[in-house]
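Enquirer: Here it is: the structure, laid out below.
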Amino acid sequence: MVLQTVDVLKNEIPLQEETVSIFNDSQAGLVLVDIINGFCTVGAGSLAPREPNRQITQMIEESAKLAKVFCDNKWPVLAFLDSHHPGKLEHPYPPHCITGTDESNLVPALRWIEEEPNVTVRRKDCYDGFIGSIQEDGSNAFVDWVKDNKIRVLLVVGVCTDICVLDFVCSTLSAKNRGFLDPLEDVVVYSRGCATFDFPVSVARNSKDLLAHPQELMHHVGLYMAKGRGARIAREVMFHAPGKV
């Protein structure tokens, strides 16, 4: 039934994806959104998958491949890690990814990037990494990262497609449109490098606060909304030397 609904939705709001080419001289930056144990590792926390999940597994694999390319080329990478102080809830979700616990750490397949000189790790205490980058003096660590690295193409992957990824992308596009993120030109969301969680209606009926969240449906909606805000949605990301296609 859910798959039939997804098919109907895709016909009603079709999503056109594209192949995005990144050249060695394109000043590209990679953002990894919340690819941490608390959202991706089976049994790692209250919001972690209860069993292996194909979409999440693919997201981790594709994100790790991109991180390897960026690190090999010494291109800038920014990893957002959801990290909350004890007692500060993020309604309507239960406590999750508490600072200092392994829930708020990168998944094993990406832990290695913490030692790479081109990687910046930013812990955030809210859905939106853009808002989570605001510092006490009013400056924004993400804005500074874009400007300092002269990023023109921003490639975004992570979890959840329709929550933290979408919120960050929307804020970034709004800031770009206002001229706050020069020289940024394009925000690209790689669909196979994103994932969301599955919370079927049968389970949601027994929950007071949480809404049903069918995975395939909400993944599509998240990508569709990001494109509607001005992001490019990539089905494939290709890397080229300057002057080659």
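Enquirer: Can you tell me which residue among M218, M225, M238 is among the aliphatic types (A, V, I, L, M), in contact with a helix residue (DSSP H, G or I) (Cβ under 7 Å, 6 or more places away or on another chain) and modelled with pLDDT of 70 or more?
Expert: On the way: M218 fails: in contact with a helix residue (DSSP H, G or I) (Cβ under 7 Å, 6 or more places away or on another chain); M238 fails: in contact with a helix residue (DSSP H, G or I) (Cβ under 7 Å, 6 or more places away or on another chain).
Within the list M218, M225, M238, the selection yields M225.
Enquirer: So the check is Cβ under 8 Å with 6+ separation or different chains; which pairs have a first residue in the stretch 33-62 that's closer than 21 Å to P95 by Cα and without any contact (Cβ under 8 Å) to a residue 40 or more places away in the chain and a second one that's of a type in the set (A, V, I, L, M) and assigned to a loop (DSSP other than H, G, I, E, B)?
Expert: Every condition considered, the pairs that remain are V42/A48; R50/V42; E51/V42.
Enquirer: From the set of residues in the stretch 30-50 that are of a type in the set (A, V, I, L, M, F, W, C) and out of contact with any strand residue (DSSP E or B) (no Cβ under 7 Å at 6 or more places or on another chain), which is least open to solvent (accessible area, probe 1.4 Å)?
Expert: Here is the first cut: in the stretch 30-50, the ones of a type in the set (A, V, I, L, M, F, W, C) are 30-33, 35-36, 39-40, 42, 44, 47-48.
Those still in the list that are out of contact with any strand residue (DSSP E or B) (no Cβ under 7 Å at 6 or more places or on another chain) too: 42, 44, 48.
On the way: V42: 74, A44: 34, A48: 8 Å².
Within the stretch 30-50, the match that is least open to solvent (accessible area, probe 1.4 Å) is A48.
Enquirer: Something else about it: Find the residue count for the stretch 22-32, including only residues that are part of a strand (DSSP E or B) and either without any contact (Cβ under 8 Å) to a residue 24 or more places away in the chain or of a type outside the set (A, V, I, L, M) (or both). Working first, answer last.
Expert: The initial filter retains those residues of the stretch 22-32 that are part of a strand (DSSP E or B), namely 22-23, 28-32.
Pick out the ones that are also either without any contact (Cβ under 8 Å) to a residue 24 or more places away in the chain or of a type outside the set (A, V, I, L, M) (or both) and you get 23, 29.
Residues in the stretch 22-32 being part of a strand (DSSP E or B) and either without any contact (Cβ under 8 Å) to a residue 24 or more places away in the chain or of a type outside the set (A, V, I, L, M) (or both): 2 in total.
Enquirer: Any residue at all in the stretch 114-131 that's over 26 Å from H213 (Cα atoms) and hydrophobic (A, V, I, L, M, F, W, C)? Full working, then the answer.
Expert: Within the stretch 114-131, the first condition is being over 26 Å from H213 (Cα atoms), and the residues that meet it are 114-122.
Checking the rest, the ones that are also hydrophobic (A, V, I, L, M, F, W, C) come to 119, 121.
Yes, the stretch 114-131 contains a residue that is over 26 Å from H213 (Cα atoms) and hydrophobic (A, V, I, L, M, F, W, C).
Enquirer: When the stretch 146-190 is examined, which residues are found to be in a strand (DSSP E or B) and more than 10 Å from the chain's Cα centre (by Cα)? I'd like the intermediate steps shown before the answer.
Expert: Taking the stretch 146-190 and keeping what is in a strand (DSSP E or B), we get 153-159, 186-190.
If the condition is that a residue be in a strand (DSSP E or B) and more than 10 Å from the chain's Cα centre (by Cα), then V153, L154, D186, V187, V188 are the ones that fit.
Enquirer: Quick one: count up the residues across the stretch 115-145 that are part of a loop (DSSP other than H, G, I, E, B) and either hydrophobic (A, V, I, L, M, F, W, C) or closer than 21 Å to L89 by Cβ (or both).
Expert: Taking the stretch 115-145 first, the residues part of a loop (DSSP other than H, G, I, E, B) are 116-118, 125-130, 135-139.
Checking the rest, the ones that are also either hydrophobic (A, V, I, L, M, F, W, C) or closer than 21 Å to L89 by Cβ (or both) come to 125-130.
Selection size over the stretch 115-145: 6.
Enquirer: Please determine whether any residue of the stretch 113-127 is closer than 22 Å to L47 by Cα and of a type in the set (S, T, N, Q). If you could, list the steps in order and put the result at the bottom.
Expert: From the stretch 113-127, those closer than 22 Å to L47 by Cα are 121-127; that's our starting set.
Next, only the ones that are of a type in the set (S, T, N, Q) stay: none.
No, the conditions are met nowhere in the stretch 113-127.
Enquirer: Under 6 Å between Cβ atoms, at least 6 apart or on separate chains: pull out the pairs that start in the stretch 1-18 with a residue that is part of a helix (DSSP H, G or I) and end on any residue that is at pLDDT below 85 and among the aliphatic types (A, V, I, L, M).
Expert: Once the first residue is part of a helix (DSSP H, G or I) and sits in the stretch 1-18, no partner that is at pLDDT below 85 and among the aliphatic types (A, V, I, L, M) comes close enough.
Enquirer: When you check G38 against the structure, is it in contact with an Asp or Glu (Cβ under 7 Å, 6 or more places away or on another chain), more than 15 Å from L155 (Cα to Cα) and part of a helix (DSSP H, G or I), yes or no?
Expert: On the way: in contact with an Asp or Glu (Cβ under 7 Å, 6 or more places away or on another chain): yes; more than 15 Å from L155 (Cα to Cα): yes; part of a helix (DSSP H, G or I): yes.
The answer is yes for G38.
Enquirer: Out of the stretch 126-168, which residues are small (G, A, S) and buried (at least 20 other Cβ atoms within 10 Å of the Cβ)? Before the answer, list the steps.
Expert: First pass over the stretch 126-168, keeping only residues small (G, A, S): 129, 132-133, 138-139, 141, 158.
Answer for the stretch 126-168, where residues must be small (G, A, S) and buried (at least 20 other Cβ atoms within 10 Å of the Cβ): G129, G132, S133, G158.
Enquirer: For the list (1) closer than 25 Å to T120 by Cβ; (2) modelled with pLDDT of 95 or more, I need the number of the one condition that G45 fails.
Expert: Of everything listed in (1) closer than 25 Å to T120 by Cβ; (2) modelled with pLDDT of 95 or more, G45 misses just condition (2).
Enquirer: Which one is least open to solvent (accessible area, probe 1.4 Å) among residues in the stretch 63-108 that are part of a helix (DSSP H, G or I) and within 15 Å of A44 (Cα to Cα)? Even if it seems obvious, please write down each step before you answer.
Expert: Restricting attention to the stretch 63-108, the residues satisfying the condition of being part of a helix (DSSP H, G or I) are 63-72, 102-104, 108.
Within this subset, residues satisfying the condition of being within 15 Å of A44 (Cα to Cα) are 102-104, 108.
Values: D102: 88, E103: 40, S104: 1, P108: 99 Å².
Among those residues, the one meeting the criterion is S104.
The values are calculated or read from the model by the stated rules, or taken from the named source; none is laboratory data. A quick note: this is a predicted structure, and the numbers were derived from the prediction, not measured. Counting neighbours? That spans all protein chains shown, and the Cβs are built from the backbone with ideal geometry, glycine included. To get the accessible areas, we keep the full protein, side chains included, count just its heavy atoms, and leave off ligands, DNA and RNA. Shrake-Rupley method; radii C 1.70, N 1.55, O 1.52, S 1.80 Å.
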